[in-house]
Amino acid sequence: MPLIAYLLTVIFNLDPLIAVGVILVGCCPGGTSSNVITFLAKGDVVLSVAITSISTLLAPFLTPILLNVFAGQLIDIDLASMMITITKIVILPILLGVIFHKFLGNKIAFVTEVLPMVSVLGISIIIAAVVAVSKATILDSGAIVFIVVALHNMLGYTLGYLIARLSGFTEKQRRAIMVEVGMQNSGLGAALAATYFNPVAALPSAIFSVWHNFSGALVANIFAKRDG
């Protein structure tokens, strides 16, 4: 996904800040919504969760390094600081969740019903903020950014499925890998872009956040109907 993102920025000759944002999305780990889409597509949910978990745990190291490899010529990247930030955003909440669950168990069951909505609300606020401060960019080149983001996502699905098929995975595993490759943690991408670069660089992540859920549901529906 980082390589696809880089090639798309070159082909479409994107503005450097937008290019960094597109590449950043490609460098992020898989999004948790990919597990839901895999379930709807009747794929291997256990494999999907495993891939999401592993890519998330590797994100504090791999995301800054990959971003530096593919976008280091466009902008200065503070690797150490970004690694710490990703750890705070991604790893720390997971550790706290495990600790609370272990020691409090059923006492916090009511919280688990509320937190998904809190998460959706948080992402929505981030997207709204990014769109608000990027109005000029959206009016100027919003269509191109949307096309690039959509192509990035769909190429991820396509190559993920084809490579999994060529590698001899089962149909359920192919679907899980396809979704895991195509869907990224764009919320993390938006947060990192706004923190380290410019709100404009967060625009691709904001668009990706909306688009990949739509495209994922569409892909899942196609597979479900095919199974008929």
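The values are calculated or read from the model by the stated rules, or taken from the named source; none is laboratory data. Note that the coordinates shown come from a computational prediction; the quantities given were computed from them, not determined experimentally. In this analysis, Cβ positions are derived from the backbone assuming ideal geometry, glycine residues included, and neighbour counts consider all displayed protein chains.
Numerical summary
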read-out	value
Counted residues, segment 6-35 - those being free of Cβ contacts under 8 Å to residues at least 24 places away in the same chain, surrounded by fewer than 20 Cβ atoms within 10 Å (Cβ to Cβ) and either touching a Gly at 6+ places or on another chain (Cβ under 9 Å) or in a helix (DSSP H, G or I) (or both)	3
Sole residue being at positive phi and not aromatic (Phe, Trp, Tyr), chosen from Asn13, Asn35, Asn68	Asn13
Residues that are of a type in the set (A, V, I, L, M) and over 11 Å from Leu8 (Cβ atoms), drawn from segment 155-168	Leu159, Leu162, Ile163, Ala164, Leu166
Where Pro64 falls short, out of the listed (1) in a helix (DSSP H, G or I); (2) touching a residue at least 40 places away in the same chain (Cβ under 8 Å)	(2)
Count of segment 113-141 residues which are in contact (Cβ under 8 Å) with a residue 12 or more places away in the chain and more than 17 Å from the chain's Cα centre (by Cα)	7
Single residue of Ile99, Ile54, Ile108, Ile84 found to be over 26 Å from Asn153 (Cα atoms), modelled with pLDDT of 90 or more, not in a loop (DSSP other than H, G, I, E, B) and not acidic (Asp, Glu)	Ile84
Of all residues in segment 134-157 being of a type outside the set (Gly, Ala, Ser) and loosely packed, with under 15 Cβ neighbours inside 10 Å, the one that is modelled with the highest pLDDT	Ile147
The one condition in (1) crowded, with 24+ Cβ neighbours inside 10 Å; (2) at positive phi; (3) not aliphatic (A, V, I, L, M) that Ser48 fails to fulfil	(2)
Condition broken by Ala109, with the remaining ones in (1) out of contact with any Pro (no Cβ under 8 Å at 6 or more places or on another chain); (2) under 17 Å from Asn185 (Cα atoms) satisfied	(2)
Single residue of segment 49-86 satisfying the filter (among the hydroxyl-bearing types (Ser, Thr, Tyr) and under 14 Å from the mean Cα position of the chain (by Cα)) that is nearest to Ile4 (Cα to Cα)	Thr63
Residues (buried (at least 20 other Cβ atoms within 10 Å of the Cβ) and either among the acidic types (Asp, Glu) or under 22 Å from Ala19 (Cβ atoms) (or both)) located in segment 54-73	Ala59, Thr63, Pro64, Leu66, Leu67, Phe70, Ala71
Top-ranked residue in segment 206-227 [being of a type in the set (S, T, N, Q) and at pLDDT below 90; ranked as surrounded by the fewest Cβ atoms within 10 Å (Cβ to Cβ)]	Asn213
Where Pro116 falls short, out of the listed (1) surrounded by fewer than 15 Cβ atoms within 10 Å (Cβ to Cβ); (2) in contact with a helix residue (DSSP H, G or I) (Cβ under 7 Å, 6 or more places away or on another chain)	(2)
Pair list, Cβ under 6 Å, 6 or more apart: segment 155-172 residue without any contact (Cβ under 8 Å) to a residue 60 or more places away in the chain, other residue of a type in the set (D, E, K, R)	Tyr161/Arg174; Ala164/Arg174; Arg165/Arg174
